[in-house]
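A short write-up of the structure that comes next.
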Amino acid sequence: MTSVGTQPALAPYAADDTRSRGRVHPEAPPEWRGEFQRDRDRIIHSNAFRRLVYKTQVFVNHEGDLYRTRVTHSMEVAQIARTIARALGLHETLIEAICLAHDLGHTPFGHAGQDALNECMREYGGFEHNLQSLRVVDLLEERYAEFPGLNLCFETREGILKHCSAANARTLGALGERFLQRRQPGLEAQLANLADAIAYNAHDIDDGVRSGLISMAQLLQVELFAHYHQQTLDEHPGLLSKPRRLLYETIRRMLSDQVYDVIDTTRAALQLQQPQSADEARLLGPVVAFGEPMAKQVQAMKSFLFKHLYRHPQVMETTAQAQVVVRELFEAYLASPKEMSPDFSARQETPRAVADYIAGMTDRYAAKEHERLTGRRLLA
Ligand code: MG
């Protein structure tokens, strides 16, 4: 195999930016970059990307400086996915673009904010954070003279839209087709999805222990964690007196093995099925995957984190407050649209404009706006 620039040669089933399905608004090809490189660059330059710095992953921004935010989460997802992409001959730059954009539509305050906004929007078509990420790159970013949004390639947009209801898929043209026909997206999109889970399972353990909400003793009840913890101690017994290094080394090993597992499992599936193009790969079942035993272990870890971290009373308390903030913001703007910035208050369809406006907010801006409109300060 020969190398082209920093990207190793692409496998036949990889996305190819010289044969992209293109952009909604046709543009001349970039001079010094590939099409997917241009997409990645546009994402990094977007306002929505910078706002991810101040958006909650699990812990609200003010709770501590070392916790993951949406932007550091997105970077970790990209890093994991790029390693796997290289090993499999997938398009590394496309995967990076998808990963950096995958959470652009997230509301302030993580899932709590999203659930609250979805509830508020129930009568007006609902709110899906995945679809919102697509709205951000298709419509809401306003940076270019010739078109609204970032005008990204089909393949990048396909990767951003992980899930979508049938009702919404029908409004999305070519991009929505796969949801109606129950087909898989390209392999890069499948990989971004899996890398997301690998990343948050690992970093939420770190953040969970740092916060004191989960303990090593609890984690040792999870087989996946206990295995690498023991392996680390067998090789480095001295780490027993250095709990932080022991924790990191355990997480590192756990994460690496998940990466290797995905590479081995996916490579075997590709060798068996031999897709000769990205479109042929789209016609197969899910290809980028864990092997069965690892999938079970990862699921057990997810369930553990759900029960002991995401549903921890302390997290739930913040969650409840976040939902009040989002709900009351929604009501206030709906009653008085002029309280929003002019771009949003001037729009025809008020409930959707309000949802777009709130979804774009950072945690602290939402808390500040809530205080301005209600006179009550929640969430510090
Ligand atoms: Mg994510």
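Yes/no per residue for (1) of a type in the set (Ser, Thr, Tyr); (2) assigned to a helix (DSSP H, G or I); (3) under 23 Å from Tyr357 (Cβ atoms); (4) more than 16 Å from the ligand (Cβ to nearest atom):
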residue: Asp138; (1), (2), (3), (4): no, yes, yes, yes
residue: Ala145; (1), (2), (3), (4): no, no, no, yes
residue: Leu150; (1), (2), (3), (4): no, no, yes, yes
residue: Glu155; (1), (2), (3), (4): no, yes, no, yes
residue: Gly159; (1), (2), (3), (4): no, yes, no, no
residue: Leu191; (1), (2), (3), (4): no, yes, no, no
residue: Ala195; (1), (2), (3), (4): no, yes, no, no
residue: Ala202; (1), (2), (3), (4): no, yes, no, no
residue: Asp206; (1), (2), (3), (4): no, yes, no, no
Quick one: in the stretch 325-353, of everything that is buried (at least 17 other Cβ atoms within 10 Å of the Cβ) and of a type in the set (Val, Ile, Thr), which residue is nearest to Glu371 (Cα to Cα)?
Val325
Checklist (1) surrounded by fewer than 16 Cβ atoms within 10 Å (Cβ to Cβ); (2) in contact with a helix residue (DSSP H, G or I) (Cβ under 7 Å, 6 or more places away or on another chain) applied to Gly212, failing item:
(2)
Which residue pairs have Cβ atoms under 7 Å apart, sit 6 or more places apart or on different chains, and have a first residue in the stretch 8-35 that is among the β-branched types (Val, Ile, Thr) and a second that is modelled with pLDDT of 95 or more and part of a loop (DSSP other than H, G, I, E, B)?
Val24/Asn151
Please enumerate the residues belonging to the stretch 345-376 that are over 15 Å from Ala332 (Cα atoms), part of a loop (DSSP other than H, G, I, E, B) and among the basic types (Lys, Arg).
Arg347
Quick test of your reading of the structure: Leu117 fulfils all but one of (1) more than 20 Å from Ala195 (Cα to Cα); (2) without any contact (Cβ under 8 Å) to a residue 60 or more places away in the chain. Name the failing condition by number.
(2)
List pairs: first residue in the stretch 96-108 and within 11 Å of Ile44 (Cα to Cα), second residue more than 11 Å from the ligand (Cβ to nearest atom) and among the aromatic types (Phe, Trp, Tyr) anywhere in the structure, Cβ distance under 6 angstrom, at least six positions apart or on different chains.
Ala97/Phe36
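One line per residue, one yes/no per condition, for (1) in contact with a Cys (Cβ under 8 Å, 6 or more places away or on another chain); (2) within 11 Å of the ligand (Cβ to nearest atom); (3) polar (S, T, N, Q):
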residue	(1), (2), (3)
Leu90	no, no, no
Gly110	no, yes, no
Gln114	no, no, yes
Cys120	no, no, no
Top-ranked residue of the stretch 40-72 - restricted to ones that are within 16 Å of the ligand (Cβ to nearest atom) and over 16 Å from Ala359 (Cα atoms), ranked as nearest to the chain's Cα centre (by Cα):
Thr72
Considering only residues of the stretch 176-189 that are free of Cβ contacts under 8 Å to residues at least 40 places away in the same chain and either part of a helix (DSSP H, G or I) or in contact with a Ser or Thr (Cβ under 9 Å, 6 or more places away or on another chain) (or both), which is surrounded by the most Cβ atoms within 10 Å (Cβ to Cβ)?
Phe179
Answer with yes or no whether Ser133 is hydroxyl-bearing (Ser, Thr, Tyr) and either farther than 24 Å from Ala14 by Cβ or in contact with a strand residue (DSSP E or B) (Cβ under 6 Å, 6 or more places away or on another chain) (or both).
no
In the stretch 70-92, how many are among the hydrophobic types (A, V, I, L, M, F, W, C) and closer than 20 Å to Ala48 by Cβ?
5
Regarding Arg122, is this residue out of contact with any Lys or Arg (no Cβ under 6 Å at 6 or more places or on another chain) and surrounded by fewer than 18 Cβ atoms within 10 Å (Cβ to Cβ)?
yes
Do any helices (runs of 4 or more DSSP H) entirely within the stretch 11-107 hold 3 or more residues that are polar (S, T, N, Q) and modelled with pLDDT of 95 or more, and if so, which?
70-88
All-but-one check, Ala192 against (1) in contact with a Cys (Cβ under 8 Å, 6 or more places away or on another chain); (2) farther than 22 Å from Ala269 by Cα; (3) crowded, with 21+ Cβ neighbours inside 10 Å, failing number (2)
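The values are calculated or read from the model by the stated rules, or taken from the named source; none is laboratory data. Since the model is a prediction, treat every value here as computed from it, not as a measurement. Quick reminder, even Gly has a Cβ in these numbers, built from the backbone with ideal geometry, and neighbours come from all protein chains shown.
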